[in-house]
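Working notes, structure below.
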Amino acid sequence: ALRAALDSLEQRVVERTAALAESELKFRRLAEGTRDILYTIDCEGAFQYLGPQLAEYGFDPVQLVGQPFLHFIYPDDLEAVQANFLASLAAETSLPVIFRVNTPTQGIRWFEERGSSNRDARGNMVGFTGIIRDITETRLAADTLRESEEKYRKLFETETDLIVLLDAQTGRALDANEAALRAYGYTREEFLTLPPEGYSAEPEASLALLNRVLEKGRAHARLRWHRRKDGTLIPLEVHAARYSWRGRDIICGVGRDISDQL
């Protein structure tokens, strides 16, 4: 009976060892077959495993095992990443975080980390496993777009001509610069609720101008009369063009007060 029990135990050990080897082989294949960097860290924040993709950035994944991951975080991001790690320990789940690393071969790169907690046989958390994804290009594109929009907004607000952006389908205002709001006498909130004819003293002529823009892509009127909030009239020379803005088909109208020319 003892021999049978030992034989059964040995067979179970062999089977589990084979299953473990197969599981580790699958993990290695997954780790090596993706551009994302797989990682494992313990509850002290020390690396236990790093995918081979890290070599592309000039790091030796094997030599980094046992080292604290915080040593590699860009100084400006260190405080936020450390706070995220402590919060993840308290919540016993990995919380996503974005950070920079000054890599030996590719300079400063942006990374996004996502993972889950590791637990032992008793259910106690022993660390985290997840992926680290290079998001540098996406991040730089977003920063470039934000800077472009900031430049646009500064130009938009400092322009002395009246600028109004209209929805090409409805003719309603989507935005107006400060010069237009001052000239018409409305707050931004009031102006954006006006119907298309709300500030035109010549609704039919204004509609015809919009239709020309929709048909030709641009139009010009030497004189159009618009109406202020107090009812007084403004003579404007108007240029309008159609283009795409934030995924919408819009008309940009630019008006110049020509009162001194009449």
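The values are calculated or read from the model by the stated rules, or taken from the named source; none is laboratory data. Note that the structure is predicted; figures quoted are calculated from it, not measured. Positions of Cβ are generated from backbone atoms using ideal geometry, with glycine treated the same way; all protein chains shown enter the neighbour counts. Keep in mind that these areas ignore ligands, DNA and RNA; they rest on the heavy atoms of the full protein, side chains included. Shrake-Rupley method; radii C 1.70, N 1.55, O 1.52, S 1.80 Å.
In this structure, is ARG256 within 14 Å of ALA179 (Cβ to Cβ) and in contact (Cβ under 8 Å) with a residue 12 or more places away in the chain?
Yes.
As an exercise: evaluate VAL164 against (1) more than 30 Å from PRO195 (Cβ to Cβ); (2) open to solvent by less than 60 Å² (accessible area, probe 1.4 Å) and give the number of the one condition it does not meet.
Going through (1) more than 30 Å from PRO195 (Cβ to Cβ); (2) open to solvent by less than 60 Å² (accessible area, probe 1.4 Å) one by one, VAL164 breaks only (1).
Kindly provide the set of residues from the stretch 233-258 that are open to solvent by 60 Å² or more (accessible area, probe 1.4 Å) and modelled with pLDDT of 90 or more, ordered by number.
Once the filter is applied, which keeps residues that are open to solvent by 60 Å² or more (accessible area, probe 1.4 Å) and modelled with pLDDT of 90 or more, the stretch 233-258 yields LEU233, HIS239, ARG242, ARG256, ASP257.
List the number of the failed condition for ARG218; all other conditions in (1) under 25 Å from THR170 (Cβ atoms); (2) without any contact (Cβ under 8 Å) to a residue 40 or more places away in the chain; (3) open to solvent by less than 90 Å² (accessible area, probe 1.4 Å) hold.
Looking at each condition in turn, ARG218 falls short on (3).
Can we say GLU202 is touching a Pro at 6+ places or on another chain (Cβ under 6 Å) and surrounded by 14 or more Cβ atoms within 10 Å (Cβ to Cβ)?
No.
When the stretch 151-187 is examined, which residues are found to be closer than 18 Å to ILE250 by Cα and among the charged types (D, E, K, R)?
Within the stretch 151-187, ARG153, ASP167, ARG172, ASP175 qualify.
Please find, within the stretch 120-161, the residue that is modelled with the highest pLDDT out of those that are open to solvent by less than 70 Å² (accessible area, probe 1.4 Å) and within 30 Å of SER259 (Cβ to Cβ).
Selected residue: ASP161.
Based on what the data block shows, is TYR184 on the phi < 0 side of the Ramachandran plot, exposed (fewer than 15 other Cβ atoms within 10 Å of the Cβ) and of a type in the set (Phe, Trp, Tyr)?
no
For the stretch 42-56, how many residues meet the condition of being surrounded by 13 or more Cβ atoms within 10 Å (Cβ to Cβ), among the charged types (D, E, K, R) and not in a strand (DSSP E or B)?
Going through the stretch 42-56 one residue at a time, the tally reaches 1.
Testing ALA219 on (1) touching a helix residue (DSSP H, G or I) at 6+ places or on another chain (Cβ under 7 Å); (2) closer than 24 Å to THR187 by Cα; (3) not aromatic (Phe, Trp, Tyr), one condition comes back false. Which one is that?
The failed condition is (2).
Residues in the stretch 72-92: is at least one β-branched (Val, Ile, Thr) and either surrounded by fewer than 15 Cβ atoms within 10 Å (Cβ to Cβ) or under 16 Å from the mean Cα position of the chain (by Cα) (or both)?
Within the stretch 72-92, not a single residue is β-branched (Val, Ile, Thr) and either surrounded by fewer than 15 Cβ atoms within 10 Å (Cβ to Cβ) or under 16 Å from the mean Cα position of the chain (by Cα) (or both).
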